[in-house]
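Everything on this sheet refers to the single structure shown next.
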Amino acid sequence: MRYKAAVDSKLLIDAIVRQTTVLIAALSTASGIRAPLAHVADQVFLDLAKAIESHGIGRKVVADMFGLALRTYQQKVQRLAESASVRNRSLWEAVFEHVVEHGSATRRELEARFGEDSPEDLGAVLHDLVTSGLLASSRRDRDAIYQVSAEHAVRHGAQARDLDALAAVAWVAIYRRLGTTPEELAELLACTRDDIERVLEQLVADGRVRRDGAELHADVFVVRVGEKRGWEAAVFDHFSAVAAAIAAKVQRGPGSRADDRTGGATLSFDVYAGHPHEAEVYGLLARVRADLNELWTRVSTQNRNHPIAEADKVKVTFYFGQRVEDGTEGSDHG
């Protein structure tokens, strides 16, 4: 029975990974952009390892789950989590920030600066930074000179890390309690502490976020229908809400009851042009959105007039969505 459960879990994990890669592919090519993806595999490994260990699973067992010897697993986690030469920075971040700060650096200079990290790890990071388009170098030997690529310089100058988008994603992360300190946000969003402090200053100034000692709080998160800015945060909010609800449901075990307060349902309707219920089905999104907005406004008004103490607060997240496919290959309608 235990074996069958493990097989069933593997099938489910494989299916979810495939669907997640579909989402990542869509995000990486949205609006004509070509986002660098070279770091994704390492980031997935590190985040997944941390998440599994957070459930109380020992490192030896986690290493076995990845098919690695314990020592190999520990070395890989250490390499990805923090540079041996620079505290609180991954080697990837530390090398890139060093080159940005100095304008350029030779391989020999980098080996001297990051001497406590292995040459193999440094070489792998430099290869990753070059192939992802962040750094440029015409050589691959120890006399190579690395500098910020023209592509990244243009992108960086045009977007300045797109602090508006970063602020929106940080806002929803604080609201969802995924990061409640600047340090946690910087790690979660893979950005520098300076960038986080900049966006926090903006978020606090316009009332979206408040500081309570060392902790950050956001009482609401709203991206209005039709807004062009902040779509990244809206996508992150949808995905994190669904993923967190499913994870909570899985942890509670199989089965459901009519009085469940954590769970979900997915329904599909087949209609055609002229179907007697066509308009009713297509109108689901608008009707549910209107009903929820009206309830959300009433609850928000009540809470403004009678604030809830943090210790008493119970957050209920309701998610919904709609996708329309007309049967034509590759077709999707919002």
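The values are calculated or read from the model by the stated rules, or taken from the named source; none is laboratory data. What you are looking at is a predicted structure, and each value in this text was computed from that prediction instead of being measured. Note that we place each Cβ from the backbone using ideal geometry, even for glycine, and neighbour counts take in every protein chain shown.
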key: Given (1) under 28 Å from Ser28 (Cβ atoms); (2) surrounded by 12 or more Cβ atoms within 10 Å (Cβ to Cβ), index of the condition Tyr282 fails   = (1)
note = Filtering segment 117-135 for residues that are surrounded by fewer than 18 Cβ atoms within 10 Å (Cβ to Cβ), among the hydroxyl-bearing types (Ser, Thr, Tyr) and assigned to a loop (DSSP other than H, G, I, E, B) leaves a count of 1
query = How many residues, within segment 161-180, are within 24 Å of Lys313 (Cα to Cα) and either of a type in the set (A, V, I, L, M) or surrounded by 15 or more Cβ atoms within 10 Å (Cβ to Cβ) (or both)?
reply = 12
remark   = Taking segment 61-93 and the residues there that are aliphatic (A, V, I, L, M) and modelled with pLDDT under 85, the one that is surrounded by the most Cβ atoms within 10 Å (Cβ to Cβ) would be Leu91
key: Enumeration of residues in segment 107-129 that are acidic (Asp, Glu) and free of Cβ contacts under 8 Å to residues at least 40 places away in the same chain   = Glu109, Glu111, Glu116, Asp117, Glu120
ask   = Quick one: how many residues across segment 99-116 are touching a strand residue (DSSP E or B) at 6+ places or on another chain (Cβ under 8 Å) and either exposed (fewer than 12 other Cβ atoms within 10 Å of the Cβ) or not assigned by TED's automatic domain parsing to the domain that holds Ser85 (or both)?
value = 1
Residue check, Asp260 within 19 Å of Thr317 (Cβ to Cβ), of a type outside the set (Ser, Thr, Tyr) and in a loop (DSSP other than H, G, I, E, B) = yes
key: Some residue of segment 269-276 being part of a loop (DSSP other than H, G, I, E, B) and either acidic (Asp, Glu) or in the same structural domain as Val222 (by TED's automatic domain parsing) (or both)   = yes
remark   = Given (1) of a type outside the set (S, T, N, Q); (2) assigned to a loop (DSSP other than H, G, I, E, B); (3) over 30 Å from the mean Cα position of the chain (by Cα), Phe318 misses just (3)
key: Criterion (outside the structural domain of Ser54 (by TED's automatic domain parsing), at pLDDT below 90, part of a helix (DSSP H, G or I) and more than 24 Å from the chain's Cα centre (by Cα)) met by exactly one of Ala311, Ala279   = Ala311
ask   = What number of residues within segment 61-114 satisfy the criterion of being assigned to a helix (DSSP H, G or I) and within 14 Å of Ala49 (Cβ to Cβ)?
value = 16
